[in-house]
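Below is one structure, written out as structure tokens; comments come after it.
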Amino acid sequence: MPSPQSCDTFAYIGTESKGSVFGKNSDRPSEEEHEVIRVPSRSYDVGDVVQCTYITVPQVSSTLDCILSRPTWMWGCEMGANEAGVVGGNEAINTLLADELLAIDGRPKERLLGMDLLRLSLERGTSAKHAMITCIQLLETHGQGGPCCNEDTDWTYENSFLFVDANEGYVLETAGVKHWAWERIEPGEYRNISNGISIRTNWGAVSKDIQSICKDNGWWNGTLPFDWKRAVGVGGRAHASLKACGRAAAGLAHLVRMEAECKRIQSTTHLAPSAKWWVEQMAGVLRDEDSGICFRGVSGFCSTGSQISWLPSIVSNDGDNAHFFSGASDPLCGTPYKLFLFSDPCQFSDATHDLGTKKLWNVWRERATKNTSANKSLLNAMRQIEEDSLSYLDLDIIEASFSTFEEMIQHETELLEKDIQR
């Protein structure tokens with residue numbers, strides 16, 4: 001199986017009693033169509049099931065209103081948020097137990113994709129911890145696996161997850177079909193995940209059999225503190241380098257820089273940075289092409305979607321949870337982040353709706369394949385869409401009216417189509 005090569009997810013928790021900021025780039029095959037869908041809350045009858053990408057699982061009595069960013073061919077999602085103020089993203093990882101995902105014929109056995117697990121957890125989780133526990137329960141009951149790409153049915157992988165709310169966050173990493181470990185991110189802490197195992201001895205809990213499995217395989221001596229990454233990642237090899245590297249190291253450096261700048265601002269102004277500042281900082285991280293965090297390419301892999309979320313704490317009085325989606329290709333090409341609020345009207349009661357994002361994604365994709373550059377006027381219009389969205393975070397205009405996410409998607413699409421016709 002090929003090694004994972006994409007996606008970066010970030011969180012800074014409880015930023016100076018103001019809230020949490022979350023960000024993720026979804027890096028997928030560049031030709032794979034992506035969309036942002038709204039899935040309204042709904043009640044279900046006893047015995048109902050939900051059809052995921054490959055298998056069905058029992059449905060719960062009710063699900064939460066969600067906004068999800070995903071490849072169009074699958075049921076699950078790469079990242080998203082729910083009405084309860086929980087956000088999450090998943091990453092592809094690889095462990096020494098990866099062969100458990102294969103059937104006897106050597107092909108991926110169809111179970112729940114990591115993206116299915118994420119969507120189910122967001123539809124059901126009322127807090128970051130609840131979403132993480134839900135994900136573990138589904139993993140243990142149904143297992144993970146199956147082709148993770150519509151065009152390459154041999155590609156499968158294990159998953160890591162980052163679940164965040166205004167007060168805390170959780171990293172959940174998996175191994176094989178049903179094994180797992182989790183780590184809590186406390187208020188004032190930051191964390192990133194990037195296609196690699198990252199939990200060491202600081203786990204909060206691990207699956208019940210994983211330590212004995214590692215001991216039997218010689219990956220852990222049973223005496224030293226159980227190091228999840230050293231055991232399931234490199235088989236306990238003492239000489240292996242376990243430090244973050246590549247995009248993971250670059251992402252961590254961004255978070256360290258954000259913390260230092262936050263402290264500098266506080267010492268200078270005696271005020272904590274604003275919500276808008278945190279979102280702008282995260283946008284800068286997700287637009288970092290030099291490190292590969294912003295993955296760019298007309299062929300191969302590309303950042304096919306991007307999300308930033310601001311989750312204000314109750315004491316901050318910074319308004320509602322605010323979610324910003326590119327709804328299109330990588331955020332460096334000119335695609336602006338657009339504001340989504342759960343207070344946006346939901347005119348459909350029991351079906352998903354792509355809010356116009358599928359069309360927008362394809363318009364941007366066509367421009368990329370034709371190498372169509374944006375002129376200054378178009379780039380300024382795109383920047384204005386993003387600035388209008390970010391202005392929601394300014395407290396002095398919190399009562400102002402804003403275009404809905406769907407209206408902004410339509411406006412952006414119209415601007416692009418007019419530009420093509422010139």
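Nothing in this text is a laboratory measurement; each read-out follows from the coordinates by a stated rule. Computed from a predicted model, the values in this text were never measured in an experiment. As a convention, Cβ positions derive from the backbone with ideal geometry for all residues, glycine included, and neighbour counts pool all protein chains shown.
Treating r as the C-beta distance of D419 and T352 and R0 as 30 Å, the FRET efficiency rounds to 0.55. Around the amide H of S313, modelled in the peptide plane, lie the amide H atoms of G19, S20, all under 5 Å away and 5 or more residues distant in sequence or on another chain. A simple spin-label model places the labels of E110 and V57 1.7 nm from each other, with each point 7 Å out along Cα-to-Cβ. In a fully extended conformation the segment linking N150 and L224 would gain 22.4 nm over its present Cα-Cα distance, using 0.36 nm per residue.
Protection proxy ranking, highest mean first, for peptides 188-198, 34-44: 188-198, 34-44, where packing is the per-residue count of other beta-carbon atoms within 10 Å, averaged. Straightening the chain between T141 and D99 buys 13.2 nm, computed as 0.36 nm per residue apart minus the Cα-Cα spacing.
Extending 7 Å from the Cα toward the beta-carbon at both S373 and R264 defines two label points whose distance is 3.3 nm.
The lysines within cross-link reach of K208, meaning a Cα-to-Cα straight distance under 18 Å and a gap of 8 or more places when in the same chain, are K178, K229.
Using Cα atoms only, what is the angle between the long axis of helix 275-286 and the major principal axis of the chain, expressed in degrees (0 to 90) to the nearest 10? Around 60 degrees separate the two axes.
Computed from Cα positions, the angle between helix 357-369 and the longest principal axis of the chain comes to roughly 90 degrees. Against the chain, whose longest principal axis is taken from its Cα atoms, helix 128-142 shows a tilt of about 50°. Spatially, region 114-184 and region 55-97 are offset by 8 Å when compared through their Cα centroids.
Sorting the segments 273-282, 105-114 by their mean number of nearby beta carbons within 10 angstrom, highest to lowest, gives 273-282, 105-114.
Excluding same-chain neighbours fewer than eight residues apart, the lysines reachable from K338 by a Cα-Cα span under 21 Å are K24, K276, K358, K359, K376, K418.
The alpha-carbon positions of the chain define a convex hull whose volume is 149 Å³ per residue. Using a Förster distance of 41 angstrom, determine the FRET efficiency expected from the C-beta separation of D320 and R383, and round it to 0.05. Plugging the Cβ-Cβ distance into 1/(1 + (r/R0)^6) gives 0.95.
Listed peptides 263-269, 151-157 appear in the order 151-157, 263-269 once ranked by packing, highest mean of other Cβ atoms within 10 Å at the front. With a Förster radius of 35 Å applied to the beta-carbon distance between A253 and V298, the computed FRET efficiency rounds to 0.80. Multiplying the residue separation of A240 and Y44 by 0.36 nm and removing their Cα-Cα distance gives an extension gain of 65.6 nm.
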